[in-house]
Amino acid sequence: MKVLLVWPKARTDPEWGGDLGAVAEPLALEYLAAGVCLDGHEARILDLRLRPDALEGELRGYRPDVVGVTAFSMHVRAALEVCRKAKALLPDVITVAGGHHATFLPEDFFEPQMDHVVIGEGVAPLRALLKRYTEGDRCVSGLQAVWSRAGAKFEFGGPAPKIELANLPVPDRKVTQADRPHYFIDWMKPVALMRSSVGCPYRCTFCSVWQIVDGRYYSRPVDQVVEEAAAIEEEFVFLVDDEAFIQRHRMLELAQALKRAGVRKRFFAYCRMDSLVRQREVVKAWTEVGLERLMMGIDAISENDLVEYNKGYNSAQIEAGLRVAEELGIEVLAQFVVNTNYTKRDFQKLARFVEHHRIRYPSFTVLTPLPGTELMTSFDRIVERQENGRPNWDLFDTQNAVTATYLPRDEFRREYRNLFRLFRGSYSQYLPYHSVPQRAVEHSVQG
């Protein structure tokens, strides 16, 4: 079967949200493509962030049997439109949605243009789906982790099995060969993404990583990671582990194995402030194999916000983490979560904090109740709605306030955008869902 895997383009304001500032490779789709090809099928990836007008031509020229879309919350409506267009041009095409939003709110995809909705890790369910269709079953149902159309309704095939990272295929980067020169994160271009573990033991209120993996932490065998890193052509590699420096011995072993294999990249990785202080020697070992930058979730500068966000550390540890980074010569991309209860004085304090600590790369997001987080217990607090009463997912890019703000909304918006103006030139705006608080959305093993 021919499978077209599509990364949608967000429909948010292009200046402040969506996909500007960084366009990173669609690692989740590359995992899916690898699984599809293992079973003898053919896969293509269409990245609409790079080629926003290419969908119709790809559908007409390639004529896929299956169209799969991955969607974060800000992509939901765009993903549905991709599938609507696919069905309009190819009525018999099989449509499948997956990703972070589908995992927590699959009902947003229970629309006429959809056939299946996958929750959680997508490789195994997609392979199972294709197997059933290949065997001639046109009424596929009862598959684990899959919601399937049954007439006018959708039926669930049962919970997803436990994730087995060691059994996942290596991402198929050949299918994005033509696009690879265009993937970047500010001055890191081209940049590749790689994952060595999944999960995080912490419980930040704005993050859903632990929910996705049921509170567990999974890691890949060291030899697999080294082999994959050696095969990556790009000089820059973003290690997208949700919290890489948790397992001290494993990360030391991985750094040593990379060194023995002669693999040296210019690494960029996530790291908590307290992890940096606690695992200083581990991070130092990684600098010897090329670690240059860390995306660090400072997240809050007041004790009240640190408690509200359930960060598990205090301002003194933030100060200590920044000192360690400076001593190790690590460049810090500092992530700040702007609370919707901010006053004008709070915005001023945040700006002064960034200036005082001479943070060259500050990045900002608005506190957002993303699906799967503790903040998203209901839709009651959400003020941005669609015509059907559902939240306006287009605005869930962490660059727009979707709940009530202390300041008048227009004033909050001006103060928030002023942070970007103040630090323009010294900071890069990243993919909102690559930010530390929202990083679960870019879950690399989800379809």
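The values are calculated or read from the model by the stated rules, or taken from the named source; none is laboratory data. As the structure is a computational prediction, the values presented were derived from the model and not from experiment. FYI the Cβ positions are ideal-geometry reconstructions off the backbone, even for glycines, and counts take in every protein chain you see.
Can you tell me how many residues in segment 404-419 are of a type in the set (Phe, Trp, Tyr) and out of contact with any strand residue (DSSP E or B) (no Cβ under 7 Å at 6 or more places or on another chain)? Residues in segment 404-419 being of a type in the set (Phe, Trp, Tyr) and out of contact with any strand residue (DSSP E or B) (no Cβ under 7 Å at 6 or more places or on another chain): 2 in total. Cys204 passes every criterion in (1) among the hydrophobic types (A, V, I, L, M, F, W, C); (2) in contact with a Cys (Cβ under 9 Å, 6 or more places away or on another chain); (3) not in a helix (DSSP H, G or I) apart from (2).
Please verify whether segment 24-40 includes one or more residues that are touching a helix residue (DSSP H, G or I) at 6+ places or on another chain (Cβ under 9 Å), at pLDDT below 95 and within 25 Å of Val402 (Cα to Cα). No, every residue in segment 24-40 fails to be touching a helix residue (DSSP H, G or I) at 6+ places or on another chain (Cβ under 9 Å), at pLDDT below 95 and within 25 Å of Val402 (Cα to Cα).
Take the residues in segment 332-360 that are in contact with a strand residue (DSSP E or B) (Cβ under 6 Å, 6 or more places away or on another chain) and outside any strand (DSSP E or B), then tell me which one is nearest to Phe420 (Cα to Cα). Don't jump to the end; show me each part of the working.
As a first pass, look at segment 332-360 and keep what is in contact with a strand residue (DSSP E or B) (Cβ under 6 Å, 6 or more places away or on another chain): 332-338, 340, 354, 359.
Applying the additional criterion that residues be outside any strand (DSSP E or B) yields 340, 354, 359.
Numbers: Thr340: 17, Val354: 12, Ile359: 13 Å.
Checked segment 332-360; the qualifying residue nearest to Phe420 (Cα to Cα) is Val354.
Within segment 141-153, the set of residues being buried (at least 18 other Cβ atoms within 10 Å of the Cβ) and either part of a loop (DSSP other than H, G, I, E, B) or not assigned by TED's automatic domain parsing to the domain that holds Cys83 (or both) comprises Leu143, Ala145. Residues that are touching a strand residue (DSSP E or B) at 6+ places or on another chain (Cβ under 9 Å), exposed (fewer than 14 other Cβ atoms within 10 Å of the Cβ) and closer than 23 Å to Gly99 by Cα are absent from segment 265-287. Of the residues making up segment 155-176, one or more are under 28 Å from Asp108 (Cβ atoms), in a helix (DSSP H, G or I) and either assigned by TED's automatic domain parsing to the domain that holds Leu29 or not hydrophobic (A, V, I, L, M, F, W, C) (or both). Of all positions in segment 7-18, none carries a residue that is farther than 30 Å from Phe420 by Cα, buried (at least 23 other Cβ atoms within 10 Å of the Cβ) and at pLDDT 95 or above.
Do the conditions hold for Gln211, that is, is it at pLDDT 95 or above, touching a helix residue (DSSP H, G or I) at 6+ places or on another chain (Cβ under 8 Å) and among the polar types (S, T, N, Q)? No, not satisfied. Condition check for Glu384 on (1) among the acidic types (Asp, Glu); (2) in contact with a Pro (Cβ under 9 Å, 6 or more places away or on another chain); (3) within 29 Å of Gly215 (Cα to Cα): one failure, at (3).
Test Trp210 against the criterion of being assigned by TED's automatic domain parsing to the domain that holds Arg195, assigned to a helix (DSSP H, G or I) and within 18 Å of the chain's Cα centre (by Cα), and give yes or no.
Yes: the conditions hold for Trp210.
Scanning segment 239-251 for residues that are under 13 Å from Trp286 (Cα atoms) and surrounded by 16 or more Cβ atoms within 10 Å (Cβ to Cβ) yields a count of 5.
State whether the residues of segment 364-385 include one that is touching a residue at least 12 places away in the same chain (Cβ under 8 Å), in a loop (DSSP other than H, G, I, E, B), over 17 Å from the mean Cα position of the chain (by Cα) and within 16 Å of Leu422 (Cβ to Cβ). The answer is no, given that none of the residues of segment 364-385 is touching a residue at least 12 places away in the same chain (Cβ under 8 Å), in a loop (DSSP other than H, G, I, E, B), over 17 Å from the mean Cα position of the chain (by Cα) and within 16 Å of Leu422 (Cβ to Cβ).
Could you please find all residues in segment 66-116 being among the acidic types (Asp, Glu) and either closer than 15 Å to Arg149 by Cα or surrounded by 18 or more Cβ atoms within 10 Å (Cβ to Cβ) (or both)?
Selection gives Asp92, Glu107, Asp108, Glu111, Asp115.
For segment 402-424, residues that are of a type in the set (Ser, Thr, Tyr) and either surrounded by fewer than 14 Cβ atoms within 10 Å (Cβ to Cβ) or without any contact (Cβ under 8 Å) to a residue 24 or more places away in the chain (or both) total 1. Being under 18 Å from Arg352 (Cα atoms), surrounded by fewer than 19 Cβ atoms within 10 Å (Cβ to Cβ) and either touching an Asp or Glu at 6+ places or on another chain (Cβ under 7 Å) or not small (Gly, Ala, Ser) (or both) is the filter here, so list the residues in segment 305-326 that pass it. Passing the criteria: Ser315, Glu319, Arg323. Taking the conditions (1) among the aliphatic types (A, V, I, L, M); (2) without any contact (Cβ under 8 Å) to a residue 40 or more places away in the chain; (3) out of contact with any Pro (no Cβ under 7 Å at 6 or more places or on another chain) in turn, Ala145 satisfies each one other than (3).
For segment 158-199, filtering for residues that are buried (at least 20 other Cβ atoms within 10 Å of the Cβ) and either more than 24 Å from Ala43 (Cα to Cα) or small (Gly, Ala, Ser) (or both) leaves 7.
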